[in-house]
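FYI, it's all coordinate maths here, none of it is from the lab. Since this is a predicted model, take the numbers as computed values, not measurements. Methodologically, a virtual Cβ is constructed for each residue, glycine included, from the backbone with ideal geometry; neighbour enumeration extends over all protein chains shown.
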Amino acid sequence: MEDAYRKYKGRAYRLARGDADYIVLPAECVTELNRLPQHMLNSRQCHSYAMTGHLNGINVVLKTNLHVRLLLNTITPALPKLLQPASIGIEEAMRNHFPQDGKGWTSVDMTDKIAACVGRAFALPVVGDPMCHNADFIRLMNEYTKDAFYIVFIMRLVPAILQPLFVWFLPSKWRLQAGRKRLEAFIRPTAEKQKEEICNSAEGTGLPNLFEHMLDEARNECEQDPEVVIDLLMALAVGGTYSAANFIYASILDLTAHPHFLDEIREEFQQKHAEIGGHWSFEALNSLHKLDSACKETLRLTPGSLTTYSRVMQEDYTLANGITLRKGQFICVDSSGRAQDSTIYRDADEYDALRAYNQDFRAHTARPFRGAYGQEFRWGSGRWACAGRYLASIVCKVMLVKLLDEYDFQLAGTGGRPANTVFHEFVFIRPGLKVMMRRREGSVGIRFS
């Protein structure tokens, strides 16, 4: 794709991905595509296909967009109220999963440990009490996510006609089936209790959660089906937990490899802590502009995927530049190529945590990390940009603030920041990669309220 970006820059080309052919469009086409009626493009169909949804249950997104509606309309407005309890969950998980010794260095593979903390925070707005406090439930959700991705990675190498048979040769498929049954044992009793409370007009919990509102706001028989609700919760876990953990780990690696930026961000923590008298609110977290810039830079260099704006055309359409897109064609944008284009980003191959902060501070603060803007593609673009981006942004920032304030990090060896791993279009930190960490002396001791 790097070669294709250089060769066809500004033009469309066909990418033979193996499982399907994609028309890779110039980023400039997205503005026009975003103006098309909703029925012309389908992102959920493309997502399900790319994630082999027919093999791991993610195809539930084809049945309903209930989870998207609730993420945007119910969870996002409630984020200020969710900040404190979510951060408490992260703190408790960190005490259980990260070293507490401040004297010696400990070698740590952080991915699963971060995922356990992130999973705890995500569980609060997704399933609420009491499940969000259950360590076994969080562990099962994370194991389910890993098995779902194992199926994606392997079965995308198998011809589609053989996938329904060959998938049963994978241990991950059997684990996925067993894991779903165990998760259902957690979820179904709570679902039945919630349905009874709805019938009796009982008051819900003080903090909103997707699970409760899915049962309450279902519009049709499909959305009322407990099996669909459970599958939606599983799909949300697959889409969020490890992608957030991967981003957080990548941010730590980037800053550890560039300690002068890490020092500036820690100084920002100290200054803000003094400015607000130690009362860390939702607004205070969102005013950490240097951290926000570092988040943008890490996601530029370590995106979750090489491509974004993946859609399936539902009707023929001819773009203003003369390209005709046919019904049934898969389309996408090479967002990774654009993010590393030296004509757009100066010294594009280099990490600069304060790039956005220093380049245009006003634009940086007006277009924060959590937003989906034009051709930046951090979270996609248009009406089907990542619906969980506001929640993910807050959870990732809380986790980064806690880790960077409370721990020192050191890269193993002398080779600098380890390179990313790419499999299919997915970008992630190499499995098994370890860093050295220890409790940090002189931390600010940030607590959110």
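Side notes on the structure shown:
- Our estimate of slack between residue 40 and residue 383, defined as 0.36 nm per intervening residue step minus the Cα-Cα distance, is 122.2 nm.
- Put simply, when 7-16, 386-395 are sorted by average Cβ atoms within 10 angstrom per residue, most first, you get 386-395, 7-16.
- The packing ranking of peptides 152-161, 264-273, 52-61, highest mean first, is 52-61, 264-273, 152-161, where packing means the average number of other beta carbon atoms within 10 angstrom of each residue.
- Listed by chain and number, the aspartates and glutamates placed with their C-alpha closer than 19 angstrom to that of residue 181 are 136, 143, 147, 192, 225, 227, 231; residues fewer than eight positions away on the same chain are left out.
- Relative contact order %, the chain, counting alpha carbon pairs below 8 Å whose residues are six or more apart: 25
- Between 150, 22, 79, the Cα set farthest toward the positive side of the dipole of the chain (charges on each charged residue's Cβ, about the Cα centre) is that of 22.
- Label-point separation in nm, residue 31 to residue 314, each point 7 Å along Cα→Cβ: 2.5
- Count Lys and Arg as plus one, Asp and Glu as minus one, and take only other residues whose Cβ is under 12 Å from that of residue 247; the net charge is then +3.
- For the peptides 343-356, 73-86, the ranking by mean Cβ contacts within 10 Å, running from highest to lowest, is 73-86, 343-356.
- Span-rule helices in the chain, defined as complete DSSP H runs reaching 27 Å or more along the axis (Cα) with Kyte mean at least -1.0: 135-155, 226-257
- Value at 222 nm in deg cm²/dmol, rounded to 500, when DSSP H runs of n ≥ 4 in the chain each add -39,500 (n - 2.57): -16000 deg cm²/dmol
- Under 16 Å from the residue 97 label point (7 Å along Cα→beta-carbon), backbone N, the stretch 136-156: 136-147
- Over all other residues within a Cβ to Cβ distance under 14 Å of residue 70, the charged ones net out to -2, with Lys and Arg as +1 and Asp and Glu as -1.
- Bridgeable lysines around residue 7 (alpha carbons under 30 Å apart, same-chain partners fewer than 8 residues away excluded): 296, 327.
- In the chain, taking the dipole from charged Cβ atoms about the Cα centre, the farthest positive-side position among 400, 96, 424 is held by 424.
- If a spin label sat at a point 7 angstrom from the Cα of residue 185 along the line to its beta carbon, the backbone N atoms of the stretch 96-140 nearer than 16 Å would be those of 134-140.
- Taking 0.36 nm per residue of sequence separation and removing the Cα-Cα distance, the residue 139/residue 165 pair yields an extension gain of 6.5 nm.
- Backbone N within the stretch 161-194 under 17 Å of label point (7 Å from residue 227 Cα along the Cβ vector): 177-185, 187-189, 192
- Given their separation in residues at 0.36 nm each and the Cα-Cα distance between them, residue 1 and residue 63 gain 19.1 nm when the chain is fully extended.
- Taken over the alpha carbons of the stretch 2-439 as equal point scatterers, the Debye sum produces base-10 log I(q)/I(0) values at 0.05, 0.07, 0.12 Å⁻¹ of -0.17, -0.35, -1.09.
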